[in-house]
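The structure appears below as structure tokens.
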Amino acid sequence: TQLLEQSPQFLSIQEGENLTVYCNSSSVFSSLQWYRQEPGEGPVLLVTVVTGGEVKKLKRLTFQFGDARKDSSLHITAAQPGDTGLYLCAGASGGYQKVTFGTGTKLQVIP
Amino acid sequence: DTAVSQTPKYLVTQMGNDKSIKCEQNLGHDTMYWYKQDSKKFLKIMFSYNNKELIINETVPNRFSPKSPDKAHLNLHINSLELGDSAVYFCASSQDGVGLTFKNIQYFGAGTRLSVL
């Protein structure tokens, strides 16, 4: 069973601070996505990365896919209260490209 | 219009009962999914249907039976509910079932919170 471990599990920071969330696996994924989920809602896609070493930026969010396509990171610069939520990474692999979600990182940004 | 809609949003029931959750997508997608999110927020795929055909069936008790009457609908029926079935169930859809590509974005419903007493 493929497992995507996210760290940290919980993160509470002050507005304006920077943070990094990690998504690690021993398995290789053909592609990886990051989602944000707010309370009472389903996950919403933030980004898709498919190439090892790829870096993508979405405003204050920077996503990186590891060279070996086994890990990824999400860096948020100058966090804002609106960034609060559950961040999930998800990887696809195998013949049917089954999606495996990470264990999740719950972020709280305090004004 | 909500792209992926699930009903009901909340479901409280007694152990041993049978219940169904309905899901509809108006995005014209070919693939639909059911996920279970436990109390620790771990999201795990249960089933995936592509054009009404079952393509992913994870290790789920056979008390759970998905049904896809057409490619816009994927319902989940649960027999003999158990305490451990309490969770949030998410329906999702995507254009096709092939991986997580730039085009194959999964759109999730708002979830159905099932509580088994």
GNM flexibility winner over chain A from A:Leu58, A:Leu46, A:Leu86 (Cα, springs under 10 Å) | A:Leu58
Hey, got the dipole for the protein assembly as shown? About the Cα centre, +1 on K and R Cβ, -1 on D and E Cβ, debye to the nearest 20?
-> 40
How big is the equivalent ellipsoid of chain B along its three axes, where each semi-axis is √(5λ) from the Cα gyration tensor, reported in whole Å from largest to smallest?
-> 23, 14, 13
How about segment B:11-117: which chymotrypsin sites (Phe, Trp or Tyr not before Pro) there lie in a loop by DSSP and see at most 11 other Cβ atoms within 10 Å?
-> B:Phe102
Fraction of alpha-carbon pairs in the protein assembly as shown farther than 28 Å apart, rounded to whole percent, equals 30
All-pairs alpha carbon distance profile, chain A, 5 Å steps from 0, percent | 2, 13, 24, 25, 19, 10, 5, 1, 0, 0
Long-range HN-HN contacts of A:Thr84 with modeled amide H, under 5 Å = A:Val109
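Taken together, the values in this text are just the output of simple stated rules run on the coordinates, not laboratory data. Every value quoted in this text rests on a predicted model; they were computed, and no experiment measured them. Heads up, the Cβs are rebuilt from the backbone with ideal geometry, glycines too, and the neighbour counts pull from every protein chain shown.
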